[in-house]
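Everything below concerns the one structure shown next.
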Ligand SMILES: [Zn+2]
């Protein structure tokens, strides 16, 4: 009996090993070239807004990714920089739901809430304002679409854990392009028997359930649910260019024959997951994958000339410290102070039309309000 119990424990450990083993040293094997972009003249009203969020990505994490990529990052090419405070109404240390609500709606709320006030009233995200003035909207993430950050832009709930009802909110929010994971909550493991993926198709969306199929999309609206939960990790090699391809497809379709412009949110969602696991290797590769997308977006915005790009984080995860490393070799040594979030400020970077208003030390809700002020 004792042997059986030990065997069961050993098996369980193998199953969880990937996220149970702390990794504090990493050398990135695949550094990439970063882009060069010209900042447009000041005083321009942006037609398009691309809001990019690295979940859990604090200053130390950016510094670590910079070393891993041999001393260069795309996000650092964005000329306007500031810091934002992430605390929520009822806690100093926020979660992604309350922080996402502040970034999406311009209003702070309590921990765990998806675009709702503490009293339970719905808060309207910048997507609603965009739709009111005739702009298109889009979301590209590498996590479940019902996860907190994307949900705060499109859905409402008092409880971030209500995965099935949050997913069903995508039927009502009128977003033009969504791509991410979470098919278990759209169709495959719902406990209420509904098939939200089929329902959104019946509402007129073109639906795709593989990244290859999404690349054939020719018109909006698009709903692409590409994995049971999260997309494959960047470290695994199975991600490939999936995140970049999802983003370029979104940009193509949102921009096509569009005089009014668009507002989209792109999230490097899984940076946070790997910081919770204290895995510097996987976290750095998630940041670098996100940063490659930042590079693509900056080149797109430069060519367009009427696009504002803002990159930030929702909060800092893992309290990671860069202890040592070698820029020429792309090697880093770090440590983590915890496996949760913390109350540190996080940076924001801005590029493109209107970018010059983004500076100083502000609240996360103010960052959202500054972006929303351009939606008209
Ligand atoms: Zn987290």
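The values are calculated or read from the model by the stated rules, or taken from the named source; none is laboratory data. Note that this is a predicted model, so its numbers are computed, not measured. Positions of Cβ are backbone-derived with ideal geometry, glycine not excepted, and every protein chain shown enters the neighbour counts.
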>> Quick check on my filter: what residues within region 254-277 are surrounded by 20 or more Cβ atoms within 10 Å (Cβ to Cβ) and closer than 27 Å to residue 306 by Cα?
In response: 254, 261, 262, 263, 264, 265, 266, 267, 268, 269
>> Within region 233-253, does at least one residue satisfy the condition of being modelled with pLDDT of 95 or more, buried (at least 23 other Cβ atoms within 10 Å of the Cβ), touching a helix residue (DSSP H, G or I) at 6+ places or on another chain (Cβ under 8 Å) and outside any helix (DSSP H, G or I)?
In response: yes
> Which pairs have Cβ atoms under 7 Å, sit 6 or more apart or on different chains, and link a residue in region 230-246 that is farther than 23 Å from residue 148 by Cβ to one that is part of a loop (DSSP other than H, G, I, E, B)?
Replying inline: 238/232; 245/215
> If you check residue 235 against the conditions, is it over 25 Å from residue 49 (Cα atoms) and within 16 Å of the ligand (Cβ to nearest atom)?
Replying inline: no
>> Only one of 91, 66 is farther than 22 Å from residue 286 by Cβ and modelled with pLDDT of 95 or more. Can you tell me which?
In response: 91
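In region 279-376, which strands (runs of 3 or more DSSP E) lie fully inside it and hold 1 or more residues that are more than 16 Å from the ligand (Cβ to nearest atom) and free of Cβ contacts under 8 Å to residues at least 60 places away in the same chain?
Of the strands (runs of 3 or more DSSP E) lying wholly inside region 279-376, those with at least 1 residues that are more than 16 Å from the ligand (Cβ to nearest atom) and free of Cβ contacts under 8 Å to residues at least 60 places away in the same chain span 320-326.
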> Does residue 31 count as in a loop (DSSP other than H, G, I, E, B) and more than 18 Å from residue 351 (Cβ to Cβ)?
Replying inline: yes
>> Quick check on my filter: what residues within region 164-179 are surrounded by fewer than 18 Cβ atoms within 10 Å (Cβ to Cβ) and free of Cβ contacts under 8 Å to residues at least 24 places away in the same chain?
In response: 165, 172
